[in-house]
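Encoded as structure tokens, the structure appears first; notes follow it.
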């Protein structure tokens, strides 16, 4: 099994340079880092975390509190893991969605994870429920190195990295208004979802700037899935007021609506325009019509979260809140208001 000396020999650098690259790659010149990483890849070198922990007294172990699974979280976690791996860290994921903080066994499982003294820091994805503050209070008791991801919490003492969902909602409304749309439907996500609520608020506020309000009869409530959006649209569409613009808080919801509307005799964009959210590249470019949507910098959000946590562990001060912007992707489903 190759060791650090073997990596150093192949890369043509000192063992100290390899060690520095593995613990803090930012301190290594880019050209040197590239040679070391190539040697690691060629030799299939694997870092012995246990041996390093014995030597340094550190674990290089990060915990991730994650609400669930799915493409949204996969991409963020990929960004986290890429940054952690480059800096010589590894992680363990603890799923919090099924944790009921009122049940003793659930609290005990979470407490055991949080009190693991081999964890040097936590990346926390809140759920936008009262339980989030309970978890955060527990985190503060046992870990000083914490980064909050994907939600703006009332906790200014922590690093926080999240998407500006409010501004994206405003931009969706602006895109419709610029093309002459004045009658809208809104496909909501789960009420506990911070992102869904902020997208809704931004959308509503921009419309209200132009004197447009969305009453309850123009809202279809869902859970981010195509199946629920399809079912709810089928039920509600016959009694819906006239509309020309539809904003869905997720691409999956948009696809469910698109199918139900087609079965009801409505064609997009001839009869209405549609905007989704997430830019799921598995299907958004290939629906008929292709779906106008928003791209979130998910990988970047994960990378920044990991980098902030590592800096905290290294003794650097918190950087505060980082707000990332979405990119608007205009495709065929958004057009001028029908004549």
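Binning the C-alpha pair distances of the chain at 10 Å intervals from 0 yields a P(r) profile of 5, 23, 26, 20, 16, 8, 3, 0 %, listed from the shortest bin outward. Axis angle, to the nearest 10 degrees, between helix 130-142 and the longest C-alpha principal axis of the chain: 10 degrees. Shown for 178, 263, 332: other C-beta atoms within 10 Å of each C-beta, ranked fewest to most, produce the order 178, 263, 332.
With both labels modelled 7 Å from their Cα along Cα-to-Cβ, the residue 337 to residue 270 distance reads 2.1 nm.
Straightening the chain between residue 167 and residue 323 buys 55.1 nm, computed as 0.36 nm per residue apart minus the Cα-Cα spacing. For the chain, the longest principal axis of the alpha carbon atoms and the long axis of helix 165-178 meet at an angle near 30°. Rounded is the label for region 165-296, because a/c, from the alpha-carbon gyration tensor with a ≥ b ≥ c as root eigenvalues, stays below 1.5. In terms of other Cβ atoms within 10 Å, 163, 329 run from fewest to most in the order 329, 163. Restricting attention to the chain, close to 10% of DSSP beta bridges with both partner residues there are antiparallel.
Each residue in 158, 203, 283 was given a count of other beta-carbon atoms within 10 angstrom of its own, and listing them fewest first yields 283, 158, 203. Measure nothing but the geometry: give the 0 to 90° angle between the long axis through the Cα atoms of 194-209 and the longest principal axis through the Cα atoms of the chain, rounded to 10°. The answer is roughly 40 degrees.
Here, each number is a calculation from the coordinates, and none is a lab measurement. Note that the coordinates shown come from a computational prediction; the quantities given were computed from them, not determined experimentally. Glycine also receives a Cβ, built like all others from the backbone with ideal geometry; neighbour counts cover every protein chain displayed.
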